[in-house]
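Since every read-out is calculated from the coordinates, none of them should be taken as a lab result. The structure displayed is predicted, hence computed values, not measured ones. With ideal geometry, Cβ positions are generated from the backbone for all residues, glycine too; neighbour counts draw on all protein chains shown.
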Amino acid sequence: MAEAPRRKRRRTLVALGSALAVLSPLAYLWATSLVPGEYSAMEMGYVDNGGGPAHAGDHQEHGQHGRSVAELRGPDGKPDVDVTVTARKEKFTLASGQTVDGFTLNGSSPGPAIRARLGDLVQVTLVNESVPEGATLHWHGIDVPNAEDGVAGVTQDSVAPGKRHTYRFRAEQAGTYWYHSHQVSSEQVRDGLFGTIVIDGPAPVRDVIAAIHTYDDRRSINGHTGQSRLELPAGTKVRVRVINTDNAVIRTGLAGATYRVVAVDGRELRGPTPVSGAGYLLPAGGRVDLAAVVPSDGSALRLDAGSAATSLLIGPRDSRVPAVGLSAENVDLLSYGTPAGDLGFDPERADRRFEYRIGRRPGFLDGKPGLWWTINGKLMPDVPMYMVSEGDVVRMRITNTSGQAHPMHLHGHHAIVLSRDGVASSGSPWWTDTLEVGDGETYEIAFLADNPGIWMDHCHNLPHAKEGLMTHLAYTGVTTPYRIGGQHHNEPE
Ligand code: C2O
Ligand code: CU
């Protein structure tokens, strides 16, 4: 009689044991995936020196204990451009009339179009009136000093409601850029916390800014859904600055006349040839400048954002919609334009070589089971921290076998595209800060490490970054006093 309970107990224990044997590796994986409530970006993952030395040369580091991000500020002096931008959480009306419940900057979204001239000292003060989670401003594509980069928890604390923060930087490269919050960016950018910034070159051109954004499933250009119109006389030479502020690639291009792709990500292309009817695949976060002449045959230029359904007609008052739209072809920057000799550094003499392999696998991300993005086979937070020293020539190979495309964005630097899938770049030097890496593709890029700091290097499909497709490029000897999480609730993604 006493046999039964004992056997039962034993059976229970065996069952428990085998459950544990199955569960404990899972429990272990779960437990090790947990991200602490507060941590430093510097503690994230593991150091990858890319074959270079672990420390900066003795001449650099002797007698100093490194530099703090907080010291890497923009210049002092009287600003040439001085803008105050007030962020609010509120209902607002799109330029085309629909109501959106989201975020505004100075009462609208997109926020103010900031303009500077080459060489200007730009000062922008962010006032957070009512964004409950806090906010920041990141200058997407402008290689500002690190303390001005606007990443909550890495280069500053998130700006709480009632607080303000001033950004200062020199406008060193003419081109098309944008700015957006880098606090809870996957939600704040989607819901409107962004604007455009253009740096004019020595010879300003007639330009049109076209910021594409989808508000609540309604795609718009400068806040206009559907087809909108901009009046310009026939014969006007125009540069259309197209900015993709969404999370996925958008096919753009000009119909109605031939055009040239004159700049990408704030860098001029060399020897741009006329494009007739082809489209251009603009990565999320990326910018492209398209140059054309407003036709004199009664037709307008039509800029498409994904399709003609969301487009901007540019031409005289009664100009027609162009008879022929974009063809199925796309401009390929790998072979577009004319090569140039000197890049300013030699990618063949790299001091560091990194792999940025994007994959996907089941696992736990901060305790949550799912199918998550991996970098070099690892899940956030166990991702590589790419270490460089100032002056290094850096090569990076980005491969993607994750099943989806990723617009990869490196802060603080522009990289040159060397090759795609083993085919060397044969066109204009192609400098980029936001590179679409399609599923199955491999890109080799190179850059000069000339901007010390701790820089995010992430997917600009912002929900992907939140899902772990993010890491940092860090300079030896640079530290950050800011913390992710913690009392300021810093949450860059
Ligand atoms: Cu446009 Cu890390 O950002
Ligand atoms: Cu992605």
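For the reader, a short list of remarks on this structure follows.
- Among 90, 444, 348, the order by Cβ neighbours within 10 angstrom, fewest to most, reads 348, 90, 444.
- When the P(r) of segment 205-331 is calculated, the portion above 26 Å amounts to 12% of the C-alpha pairs.
- Between residue 273 and residue 318, the modelled label-to-label distance comes to 3.9 nm, taking each label 7 Å out from Cα in the direction of the beta carbon.
- Restraint check, 91/163; 91/237; 89/237, Cα-Cα greater than 29 Å: 91/237; 89/237
- Burial ordering of 29, 435, fewest other beta-carbon atoms within 10 Å first: 29, 435
- Cβ-Cβ FRET estimate between residue 54 and residue 330, R0 fixed at 56 Å, reported to 0.05: 0.85
- Quick note on segment 320-401: its Rg to Rh ratio, both from C-alpha atoms and Rh being the Kirkwood radius, is 1.18.
- Couplings 3J(HN,Hα) for segment 413-422, derived from phi with the Karplus relation 6.51 cos²θ - 1.76 cosθ + 1.60 (θ = phi - 60°), are 8, 10, 10, 9, 7, 8, 7, 10, 6, x Hz, where x marks Gly and Pro.
- Lysines with Cα under 17 Å of residue 368, excluding same-chain neighbours fewer than 8 positions away: 378, 466
- For peptides 378-390, 282-294, 95-107, 75-87, sequence by mean Cβ density within 10 Å, most packed first: 282-294, 378-390, 95-107, 75-87
- Compared with the dominant Cα axis of the chain, that is its longest principal axis, helix 3-33 is turned about 30°.
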